[in-house]
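K.L.:
Below is the structure I would like to discuss, written out as structure tokens.
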Amino acid sequence: MKKQISLSLFNTICLFVFTILLFSCDTLRKNPAPVAQPRRTNTTANRRPVSTPARKPANNRPAAPKEKPAYTNSSPSGNYRKEIPQVVEVARTYSGTPYRSGGNDKNGIDCSGLICSVYSEVGIKVPRISWQQSEFGTEVASIQEIRPGDWVFFVPEAGKEGYVSHAGIVTDVRNQQEIFFIHASTSRGVREDNLFSTYFKGRFVKAMRPF
């Protein structure tokens, strides 16, 4: 009798243990043990972020053409001949001013600066550079037609063609051999000379009537 009870108890225990083991195996299948992940090293932690510069939006519109300086916008509203006495008067106030390359006032002035400054005082805007001045206005057809207020231009060497290197304003026409102009001489400053003097006659190239 005791043997039967012991056997029954043993079977019960075995069944209990088997049930526990079966339950444990099923649980392990549903929840597998976590796999250890390799540790990552952050190699960019100390790097400075690289910023990409913003691009300017493309402008597909064509660029506006550059306009030439409108020198004639401030030209005399009336007859230019009436302005000539004032032009000559203002120019003569510069007499004795020392020559200075690039100068624009009575402390020092060059030939093209004299023309530009005189007309500026009269209220007329004209080009500043001598070669631009030599193309401004209308060319006087002949030397016999030169009159006060005209601009005269010269080249560096007598009897030779070359670039315009000197300019002046005609102040007085006495006769066909006495045409005086005021200019900024490199050696003597602002003064009046005769177009028909030995030095200037051979270097004269043309005269322009600005207005």
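Results for (1) over 12 Å from C111 (Cα atoms); (2) in contact with a Leu (Cβ under 9 Å, 6 or more places away or on another chain); (3) small (G, A, S), shown as yes or no for each residue.
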site	(1), (2), (3)
P156	yes, no, no
E161	yes, no, no
I169	no, yes, no
F181	no, yes, no
R191	no, no, no
R203	yes, no, no
P210	yes, no, no
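K.L.:
Pairs, please: C-beta under 6 Å, at least 6 apart or cross-chain, first residue within 17 Å of R92 (Cβ to Cβ) and in the range 170-197, second part of a strand (DSSP E or B) and of a type in the set (K, R)?
P.N.:
S185/R191
K.L.:
Okay, next question. Please go through the range 146-162 and give me each residue that is more than 18 Å from S197 (Cα to Cα) and surrounded by fewer than 11 Cβ atoms within 10 Å (Cβ to Cβ), ordered by number.
P.N.:
E161, the sole residue that qualifies.
K.L.:
Do any strands (runs of 3 or more DSSP E) lying entirely in the range 138-204 carry at least 1 residues that are in contact with a strand residue (DSSP E or B) (Cβ under 7 Å, 6 or more places away or on another chain) and either among the small types (G, A, S) or more than 21 Å from P127 (Cα to Cα) (or both), and which ones are they?
P.N.:
In the range 138-204, the matching strands (runs of 3 or more DSSP E) lie at 166-175, 178-185, 189-194.
K.L.:
Looking at the range 115-137, which of its residues are under 18 Å from K82 (Cβ atoms) and in contact with an Asp or Glu (Cβ under 8 Å, 6 or more places away or on another chain)?
P.N.:
V122, I124
K.L.:
Out of the range 176-188, which residues are open to solvent by 10 Å² or more (accessible area, probe 1.4 Å) and within 36 Å of the chain's Cα centre (by Cα)?
P.N.:
S185, T186, S187
K.L.:
Out of everything in the range 189-204 that is more than 16 Å from I169 (Cβ to Cβ) and not hydroxyl-bearing (S, T, Y), what residue ends up being most open to solvent (accessible area, probe 1.4 Å)?
P.N.:
Among those residues, the one meeting the criterion is K201.
K.L.:
Given the conditions (1) more than 18 Å from V164 (Cβ to Cβ); (2) in contact with an Asp or Glu (Cβ under 8 Å, 6 or more places away or on another chain), report the number of the one that V140 does not fulfil.
P.N.:
Only one criterion is unmet by V140, namely (1).
K.L.:
When the residues of the range 68-115 are narrowed to those that are charged (D, E, K, R), part of a helix (DSSP H, G or I) and at pLDDT 90 or above, which ends up surrounded by the most Cβ atoms within 10 Å (Cβ to Cβ)?
P.N.:
For the range 68-115, the residue satisfying everything is E83.
K.L.:
Please find, among Y80, Y119, Y99, Y94, the residue that is touching a residue at least 24 places away in the same chain (Cβ under 8 Å), among the aromatic types (F, W, Y) and touching a Leu at 6+ places or on another chain (Cβ under 7 Å).
P.N.:
Just one listed residue meets the conditions, Y94.
K.L.:
I'm trying to understand the selection: among the residues of the range 116-134, which are open to solvent by less than 20 Å² (accessible area, probe 1.4 Å), in contact with a helix residue (DSSP H, G or I) (Cβ under 9 Å, 6 or more places away or on another chain) and in a loop (DSSP other than H, G, I, E, B)?
P.N.:
Of everything in the range 116-134, those that are open to solvent by less than 20 Å² (accessible area, probe 1.4 Å), in contact with a helix residue (DSSP H, G or I) (Cβ under 9 Å, 6 or more places away or on another chain) and in a loop (DSSP other than H, G, I, E, B) turn out to be I124, V126, P127.
K.L.:
Continuing with the same structure: Testing W151 on (1) among the aromatic types (F, W, Y); (2) out of contact with any Gly (no Cβ under 9 Å at 6 or more places or on another chain); (3) at pLDDT 95 or above, one condition comes back false. Which one is that?
P.N.:
Among (1) among the aromatic types (F, W, Y); (2) out of contact with any Gly (no Cβ under 9 Å at 6 or more places or on another chain); (3) at pLDDT 95 or above, the lone unmet condition for W151 is (2).
K.L.:
With within 23 Å of T93 (Cα to Cα) and among the hydroxyl-bearing types (S, T, Y) as the only criterion, which of S134, S120, S142 stands out?
P.N.:
S120
The values are calculated or read from the model by the stated rules, or taken from the named source; none is laboratory data. No experiment lies behind these values; they were computed from the predicted model shown. Virtual Cβ from ideal backbone geometry, glycine too; neighbours counted across all protein chains shown. With ligands, DNA and RNA removed, areas are computed over all heavy atoms of the protein, side chains included. Shrake-Rupley method; radii C 1.70, N 1.55, O 1.52, S 1.80 Å.
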